[in-house]
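In what follows, a structure is listed as structure tokens, so that the remarks can point back to it.
The values are calculated or read from the model by the stated rules, or taken from the named source; none is laboratory data. Small disclaimer: the values here were computed from a predicted structure and weren't measured. Virtual Cβ from ideal backbone geometry, glycine too; neighbours counted across all protein chains shown. SASA here: full protein model, heavy atoms, side chains in, ligands and nucleic acids out. Shrake-Rupley method; radii C 1.70, N 1.55, O 1.52, S 1.80 Å.
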Amino acid sequence: MPTAPPCAIVIFGASGDLAKRKLIPAIYEMAREKLLHDSTYVVGYSRSPMTDDQYRKVAREAVQQHARTQPIDEALWKKIEPRIYYTQADYGSAEDQARVGATLGRLDKKFGNKGNRLFYLSTPPETFDVSVIIRWASAGIAVESTCGTGSTCA
């Protein structure tokens, strides 16, 4: 497979179980298989208080515990780790979303990205109300519901 173009991978619910067990290890494995561009970076977005360095430690532990390939390739990890960031934010806060947007803009400049984004919602459905979905939709962010088939969920 070819290497993907540079992008920002934004994980909503970055401190949760799905991110730790599946998403962060998968990002590591994609980098190991040379499927991620060297300018791709990760921004974890969650309500839990944490610094970039604390989140990098969480990410490393997730890779150590759940990556397919063991042991961790230390040279590769040293390339990935400085491209992992974290923002504590409330999902429904327009101010927090604007702050995350500013962070993405700053990191795009740092890494030479052109605004390519991948947003992964790794959160329980109840964390998002209709106003958040409407705000994201108006910003061009596609939202897919995977919480079930009932009309109260969809």
Report relative contact order for region 1-138 in percent, whole number only (criteria: Cα-Cα under 8 Å, sequence separation at least 6).
36
Need one number: nm distance between label points at Lys110 and Glu74, each 7 Å from Cα along Cα→Cβ, rounded to one decimal.
2.5
For region 67-131, what is the accessible area per residue in Å², given a 1.4 Å probe and the full set of protein chains?
60
In terms of the alpha carbon gyration tensor, root eigenvalues a ≥ b ≥ c, rounded if a/c is under 1.5 and otherwise prolate when a/b exceeds b/c or oblate, region 1-75 is oblate
Taking all protein chains as present, what is the carbon and sulfur share of the accessible area of region 62-120, in % to the nearest whole number, probe 1.4 Å?
52
Leaving out ligands, DNA and RNA, what percent of the accessible area of region 1-58 is carbon and sulfur, probe 1.4 Å?
56
